[in-house]
Amino acid sequence: IALAALAAPLIAPQNPFDLASFDVLDADLPPRWLAGSDPRFLLGTDSQGRDLLSAILYGTRISLTVGALAVAIQAAIGIPLGLIAGYVGGRVDSLIARVADVQLSLSTLILAIIALALVRASLGGETLGRLAVPLLVLVIGLAEWPTFARTARAATLVEASKDHVRAAKALGASDSGVIHRHILPNILSPLIVVATTQIAGAIMAEAALSFLGLGLPITQPSLGTLIRSGYDLIFAGIWWVTVLPGLTLVGVLVAVNLLGDTLRDALDPHLT
């Protein structure tokens with residue numbers, strides 16, 4: 001799936017971002033295996049005459065990009081805070097834990113809806129459309145860092161009590177040196193597993209926000225915008241515009257979750 005998304009400019013029959021490349025007279029054509037289809041469009045077209053296969057390939061690319069970058073932000077915030085909380089302990093640990101608890105008590109979608117609605121009101125819909133991808137990445141990334149922080153903290157507490165860490169401290173190693181050389185490399189396995197599951201959550205959050213009209217504009221197809229674009233037409237018999245991107249989204253989420261399960265089995269020494 002990732003390779004197909006990355007190779008979209010090479011294998012997609014059409015560039016869905018180029019308005020001049022599709023014709024509104026080709027709108028709502030069914031997939032090739034149904035009556036009334038056009039051989040040029042394997043999966044049919046949407047209401048703009050855009051090739052649905054091309055839109056799905058590019059949309060998957062955007063969804064995966066948003067998911068990966070959002071998780072990178074989550075990790076960049078959560079892992080250092082979790083390391084500090086687990087290693088230092090005391091009031092620092094309590095403060096970080098309470099902040100994480102407050103953050104986790106708030107729904108990611110609610111926070112994202114509020115943030116994106118405020119941006120839309122202050123900057124306008126056109127500016128929001130241009131900044132949609134970085135805003136989605138930032139909002140989803142800032143909303144979900146406590147998952148990384150909690151995992152890193154729990155793993156750090158276990159690792160910091162081991163003999164090799166105590167020996168490094170006894171030999172005069174600095175706290176930063178102990179964390180970077182003796183703790184962080186040994187807690188990467190659970191963090192990698194968390195990252196894969198968080199990517200699935202970030203992709204789902206992006207799709208939900210785009211479906212609600214607060215994510216990417218219709219001119220920048222993600223899986224969420226494609227599902228939304230055909231939602232009103234599904235009961236008119238034009239089901240493929242919503243169903244096919246929806247099945248693709250399900251496939252992406254299942255694949256990412258299976259990847260996380262496989263990594264967990266491979267990296268957890270207690271399961272091997």
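The values are calculated or read from the model by the stated rules, or taken from the named source; none is laboratory data. As the structure is a computational prediction, the values presented were derived from the model and not from experiment. When we count neighbours, we look across all protein chains shown, and the Cβ atoms used for this are built from the backbone with ideal geometry, even at glycine. To get the accessible areas, we keep the full protein, side chains included, count just its heavy atoms, and leave off ligands, DNA and RNA. Shrake-Rupley method; radii C 1.70, N 1.55, O 1.52, S 1.80 Å.
So which helices (runs of 4 or more DSSP H) are wholly in region 1-88 and hold at least 1 residues that are out of contact with any Pro (no Cβ under 7 Å at 6 or more places or on another chain), crowded, with 24+ Cβ neighbours inside 10 Å and in contact (Cβ under 8 Å) with a residue 60 or more places away in the chain?
Working: elements: 2-6, 8-11, 52-88.
The qualifying helices (runs of 4 or more DSSP H) are 52-88.
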Residue check for Asp175: over 32 Å from the mean Cα position of the chain (by Cα) and in contact (Cβ under 8 Å) with a residue 40 or more places away in the chain: yes
Kindly establish whether Leu116 is touching a helix residue (DSSP H, G or I) at 6+ places or on another chain (Cβ under 8 Å) and open to solvent by less than 20 Å² (accessible area, probe 1.4 Å). yes
